[in-house]
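None of the figures in this text is laboratory data; all of them are computed from the coordinates on show. Note that the coordinates shown come from a computational prediction; the quantities given were computed from them, not determined experimentally. Here the Cβ is made from the backbone with ideal geometry for all residues, glycine too, and neighbour counts use every protein chain on show.
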Amino acid sequence: SGRNAEEIMTKPAITIYQDKMLTDAIVMMIEREVKRLVVVDNSEKIVGILARMDIFHVISKESPDWNTFKKKKVILSKLQLVSEILRDDTFSVLPDTSLERVLNLININDLEAIAVIEKNGKLKGMIFEHDLLKVFSDYDISIWEYLSSKLSRHKKGTKFGVFTKKLQEKRASEIMKTDLITVFHDSGIDDALTLMTNKKLKRLPVIDNDGKFKGIISRESLLRASIRYGS
């Protein structure tokens, strides 16, 4: 609380001039691995922020399908299907997996979401980072405090010991989201783009025709698919 914005801000700021092409912005986002760019005029004055979702809105509104996008002379990648851009190394757990195990998987593997599947591979639900935050909100412990406590030993009876027991008792099925918006693996990328834009989704679970979980596509994967990058 005693620190100011200047002490913790990212610097130098990653900026782009307002008269640059949209494709330049996409390439910069991919190369710098950022979700937003600060837009400046020729005098370096900030005029706004450009986010991934802003780009998706333009694409889905002005070019509702890949063929229309091509006609605008934007160099597209050759990728066409959701199955070609999904992240298939996404971790999954069974419904009866403890929340302690879920939290450890998310932390160790730097995940933003984890799938809950049946033994036959069918998608049953998803657990996102904010779902875990709700679990912590009922206790006077932050996720950071809990993870830090794992590095040292705490005796049973302390607030960490009691909370750890709760995490061991709670199951993935108790906090997972089941009202999911999904996309089929053989759908077109443009369909996924429209869906994620209209629903303002950061991630979209992918399933096959039998309902089995295949992976996740993200805004970054859509961004990379929108142009032929690195060729």
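Taking the Cα-to-Cβ direction at V162 and at Q80 and moving 7 Å from each Cα, how far apart do the two end points lie in nm?
If labels sit at V162 and Q80, their model points lie 6.0 nm apart.
From the phi angles alone, apply the Karplus equation (6.51, -1.76, 1.60; θ = phi - 60°) to the stretch 207-213 and give each ³J(HN,Hα) in whole Hz, x where the residue is Gly or Pro.
3J(HN,Hα) across the stretch 207-213, in whole Hz: 10, 8, 5, 9, x, 7, 6.
My understanding is that a pair violates if its Cα-Cα distance is over 26 Å; which of K124/K202; K165/K199; K165/K202 do that in this structure?
As for pairs spanning more than 26 Å Cα to Cα, those are K165/K199; K165/K202.
Using a simple spin-label model with points 7 Å from Cα along the Cα→Cβ vector, what separation in nm is obtained for N120 and K212?
Once both label points are built, they end up 1.1 nm from each other.
How high is the FRET efficiency from S173 to I16, r the C-beta distance, R0 45 Å, rounded to 0.05?
0.50
Distance in nm between label sites at K199 and L105, each 7 Å beyond Cα in the beta-carbon direction?
If labels sit at K199 and L105, their model points lie 2.1 nm apart.
Amide H neighbours of K170 under 5 Å, at least 5 residues apart or on other chains, H built in the peptide plane: list them.
Here the answer is L99, since their amide H atoms fall under 5 Å of that of K170.
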